[in-house]
Amino acid sequence: MSVAIAYHGYPVLTPTSGWYGVSDDSETLQRSIEKVFRDATKSISEQRFDYLRRSLLECFVRCSKANWDGYNATPISESAFFEATKLLELLPSYLPLPDITPEPTGEIGLEWYKGSHFTFVASVRGNNVLSYAGLFGPGNETYGTENFTESLPRTIIENVRRLFPQMV
């Protein structure tokens with residue numbers, strides 16, 4: 001039995017890039033290709049997480065002593081480090097990568113920056129409270145706190161989507 005696939009002019013073959021099967025075997029092939037793409041995405045997600053985890057560890061090591069910034073900054077605690085690790089683990093893989101940002105108050109921030117007046121930061125201190133603030137254009141801002149224990153507050157995902165609607 002043979003399998004025929006018609007491919008229609010897309011530069012990269014993806015599971016939804018415009019190809020059509022003409023047999024039951026082609027459906028099996030399409031499912032196999034979709035699995036390859038899922039596995040590749042998983043690998044990329046793992047690489048993204050490893051990069052963020054290394055950045056977080058570097059931030060913690062650099063900023064875990066008093067006055068780490070030369071302006072009397074509060075040291076980042078182990079509990080803030082572990083809470084930030086949990087926050088990273090809960091981020092959906094489809095969100096853009098945040099930057100890890102030490103804050104002089106002893107918090108660790110995850111910052112999504114799009115440009116002047118377009119940024120969102122979620123911060124943890126190690127006390128099961130997540131603080132956030134965002135700018136979405138001149139005069140368009142949000143801020144607040146959420147309890148942070150077992151799951152990522154929906155507010156965080158919604159605000160990152162608000163900043164990057166085309167990516168999610």
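The values are calculated or read from the model by the stated rules, or taken from the named source; none is laboratory data. Being a predicted model, the structure only gives us computed values, none of them experimental. A quick note on method: Cβ atoms are made from the backbone with ideal geometry, for glycine too, and the neighbour counts reach across all protein chains shown.
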**OP:** Out of Tyr20, Tyr51, report the one residue that is under 26 Å from Arg161 (Cβ atoms) and either out of contact with any Gly (no Cβ under 8 Å at 6 or more places or on another chain) or at pLDDT below 60 (or both).
**Re:** Tyr51
**OP:** Assess whether Lys114 counts as being within 28 Å of Glu46 (Cβ to Cβ) and out of contact with any helix residue (DSSP H, G or I) (no Cβ under 6 Å at 6 or more places or on another chain).
**Re:** no
**OP:** Would you confirm whether any residue within region 65-75 is over 25 Å from the mean Cα position of the chain (by Cα), at pLDDT below 85 and in a loop (DSSP other than H, G, I, E, B)?
**Re:** no
**OP:** Scan region 128-136 and give yes if some residue there is aromatic (Phe, Trp, Tyr), out of contact with any Leu (no Cβ under 9 Å at 6 or more places or on another chain) and either under 19 Å from Glu83 (Cβ atoms) or in a loop (DSSP other than H, G, I, E, B) (or both), otherwise no.
**Re:** yes
Subject >> Considering residues of region 113-127 that are in a strand (DSSP E or B) and free of Cβ contacts under 8 Å to residues at least 40 places away in the same chain only, the residue nearest to Ala84 (Cα to Cα) >> reply: Ser123
**OP:** Filter region 45-78 down to residues that are touching a residue at least 24 places away in the same chain (Cβ under 8 Å) and of a type in the set (Lys, Arg) and give me whichever is farthest from Leu90 (Cα to Cα).
**Re:** Arg62
Subject >> Odd one out for Arg53 among (1) charged (D, E, K, R); (2) closer than 23 Å to Tyr143 by Cβ; (3) surrounded by 14 or more Cβ atoms within 10 Å (Cβ to Cβ) >> reply: (2)
**OP:** Could you grab me the full set of residues in region 137-168 that are under 16 Å from the mean Cα position of the chain (by Cα), in contact (Cβ under 8 Å) with a residue 60 or more places away in the chain and assigned to a loop (DSSP other than H, G, I, E, B)?
**Re:** Ser151, Leu152, Phe164, Met167, Val168
Original post:
Going by the conditions given, is Gly109 of a type outside the set (D, E, K, R) and in contact with an Asp or Glu (Cβ under 8 Å, 6 or more places away or on another chain)?
Top reply: yes
**OP:** State which residue is surrounded by the most Cβ atoms within 10 Å (Cβ to Cβ) when the search covers only region 86-113 and only residues that are in contact with a Pro (Cβ under 9 Å, 6 or more places away or on another chain) and modelled with pLDDT under 95.
**Re:** Leu91
